[in-house]
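I have placed the structure first, in the form of structure tokens, so that the comments after it can refer back to it.
Values in this text are rule-based calculations from the coordinates and carry no lab data. None of these values were measured; they are calculated from a predicted model. Note that each Cβ is placed from the backbone with ideal geometry, even for glycine, and that neighbours are counted across all protein chains shown.
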Amino acid sequence: MKNKILDILTQTGEYVSGEKLSQLCGVSRTAVWKQVNKLKEEGYQIESQSRIGYRLVYRPDKLIKTELLEGLQTLNWGKHSLYTFDNVDSTNNIAKDYGAQGKPEGTVIVAESQSRGKGRLGRLWASPAGQGIWASIILRPSILPTLAPQITLVMAVGMAKALNKIEGIEAKIKWPNDILVNNRKVAGILTELSAEIERINYIVIGIGVNVNQDINDFPEEFRENAISLKEAVGMRLSRVKILQWMLEEIEKTYHYYLAEGLKPILAEWRNYSLTIGREVEVIMGNERIKGSAVDVGDDGSLIVKDENNIMHKIIAGDVSLRGKWGSYAGD
Ligand code: ADP
């Protein structure tokens with residue numbers, strides 16, 4: 001009912017009387033008043049004038065259902081299965097629980113903050129309250145588990161497309177899972193897999209995007225390599241709109257991948273890639289390979305030619321890429 005009141009006030013844009021709202025919602029005027037108060041508590045500014053009614057003057061940029069579903073243009077993702085939280089340890093952990101419970105493909109989990117946001121290999125992802133998008137999506141592709149790393153590339157292409165819709169942003173991909181703006185990390189993608197030998201049970205895609213942080217909001221040790229979209233464009237941005245674009249673009253890219261395979265996605269991936277053609281240092285356990293990244297393979301691996309011209313196929317998940325990405329600015 002709260003959503004219905006919100007819809008009516010949004011569509012009208014003007015004062016609507018308490019009586020009219022109570023008729024349209026089929027409840028008493030007191031019930032309407034109570035729901036309006038709840039909306040105010042959530043951050044909506046609603047003016048009320050006796051005998052005239054209620055008028056919506058401000059919608060908060062909160063990652064809550066009413067906001068996210070308004071104007072969301074996905075085919076399915078988030079529309080039927082969307083869970084929003086204030087604080088969680090990690091949205092990926094919730095998504096894994098939900099995946100194990102059988103929640104469908106396209107289930108989206110979003111939180112205002114994460115206390116233990118995850119990067120790869122147990123690293124931490126800083127996820128302060130209200131400043132970014134910390135979200136996970138459950139996927140159930142009918143592909144072999146060995147192909148799961150491809151999904152990270154698919155998601156990265158979708159993410160680059162979504163962020164490039166923002167005026168003034170040029171988002172690039174650093175293999176395997178980072179999205180960079182101005183050579184600094186604006187977003188990360190963490191793919192987690194539950195599978196049997198021949199079958200994927202579910203994949204959880206975790207995505208963290210720095211939206212409205214100032215540089216001092218990042219932990220000191222991350223500042224050199226991190227950036228928010230706000231810093232890049234010089235103004236606050238709507239997290240709601242950006243999350244909608246993300247869901248729309250990555251859902252589209254994912255369906256394209258399921259229909260056409262990785263090839264066309266790889267072509268797009270190469271266009272966004274910051275890694276191909278660059279000197280890299282790959283750390284795999286105790287082994288270090290120095291060389292140049294020559295291409296990305298059909299399985300999503302990075303192909304590196306070392307100093308002795310020997311080719312190495314690097315599978316995501318086992319490695320860290322090192323390189324002074326900042327020094328490539330302006331290339
Ligand atoms: P990589 O693969 O680039 O080493 P991960 O994808 O594992 O990194 O992400 C975790 C790392 O990202 C952290 O160790 C930290 O250096 C950096 N980091 C953590 N939080 C953020 C953030 N909000 N924005 C940008 N970088 C971050």
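Details
- Equivalent ellipsoid, the range 1-147 (semi-axes from 5 times Cα gyration tensor eigenvalues, Å): 37, 17, 12
- For the chain, with +1 on Lys and Arg beta carbons and -1 on Asp and Glu, the positive-most of Ile52, Asn37, Met246 along the dipole: Ile52
- For the range 91-188, alpha-carbon Rg relative to the globular expectation (2.2 N^0.38 Å, N residues): 1.13
- Calculated FRET value between Met284 and Lys165, using beta carbons and R₀ = 41 Å, to 0.05: 0.70
- Alpha-carbon geometry of the range 80-146: the Rg and the Dmax are 12.5, 37 Å, given in that order.
- Förster radius 35 Å - calculated FRET efficiency between Leu147 and Asn308, Cβ distance, rounded to 0.05: 0.70
- Dipole magnitude of the range 127-204 about its Cα centre (Cβ charges: Lys, Arg +1; Asp, Glu -1), debye to nearest 20: 200
- Net length gained if the chain between Gln45 and Lys65 were fully extended (0.36 nm per residue, minus Cα distance): 5.5 nm
- Dividing the Cα radius of gyration of the chain by its Kirkwood radius returns 1.04 for Rg/Rh.
- Annotation: average projected area of the range 74-117 is 3.0 square nanometres, based on the convex hull of Cα atoms across all directions.
- Cα centroid separation, the range 1-71 to the range 98-119 (Å): 29
- The loop-placed trypsin sites (Lys or Arg not before Pro) in the range 116-179, going by DSSP, that have at most 16 neighbouring Cβ atoms within 10 Å of their Cβ come out as Arg116, Arg123, Lys165.
- Proportion of all alpha-carbon pairs of the range 1-55 beyond 15 Å (%): 36
- Inter-site label distance for Ala31 and Ile197 at 7 Å from Cα along Cβ, in nm: 5.8
- Base-10 log of normalised Debye intensity for the range 110-167 (one unit scatterer per alpha-carbon) at q = 0.13, 0.16, 0.24 Å⁻¹: -0.48, -0.72, -1.16
- Per the Debye calculation on the range 46-106 with a single equal scatterer at every Cα and no solvent contribution, log₁₀ I(q)/I(0) for q = 0.22, 0.27 Å⁻¹ amounts to -1.00, -1.20.
- Hydrodynamic radius of the range 205-268 per Kirkwood, over alpha carbon pairs, in Å: 14.0
- Cβ crowding within 10 Å, taken as a proxy for footprinting-reagent exposure, orders Thr12, Thr30 from fewest neighbours to most as Thr30, Thr12.
- Sorted fewest first by neighbouring Cβ atoms within 10 angstrom, Phe218, Phe85 come out as Phe85, Phe218.
- Ratio of Rg to Rh for the range 161-249: 1.04 [Cα atoms; Kirkwood radius as inverse mean 1/r over pairs].
- When the square roots of the Cα gyration tensor eigenvalues are ordered a ≥ b ≥ c, the ratio a/c for the range 158-203 is 1.5 or more and a/b exceeds b/c, which makes its shape prolate.
- Of the cross-linked pairs Lys230/Lys313; Lys103/Lys172; Lys161/Lys263, those separated by over 28 Å at the C-alpha level are Lys230/Lys313; Lys103/Lys172.
- Distant alpha-carbon pairs in the range 215-319 (separation over 24 angstrom), percent: 49
- Over 19 Å between alpha carbons, listed pairs Lys118/Lys185; Lys2/Lys38; Lys40/Lys62; Lys185/Lys305; Lys118/Lys252; Lys4/Lys165: Lys185/Lys305; Lys118/Lys252; Lys4/Lys165
- GluC sites (Glu not before Pro) within the range 1-51: DSSP coil, no more than 15 neighbouring Cβ in 10 Å: Glu14, Glu42
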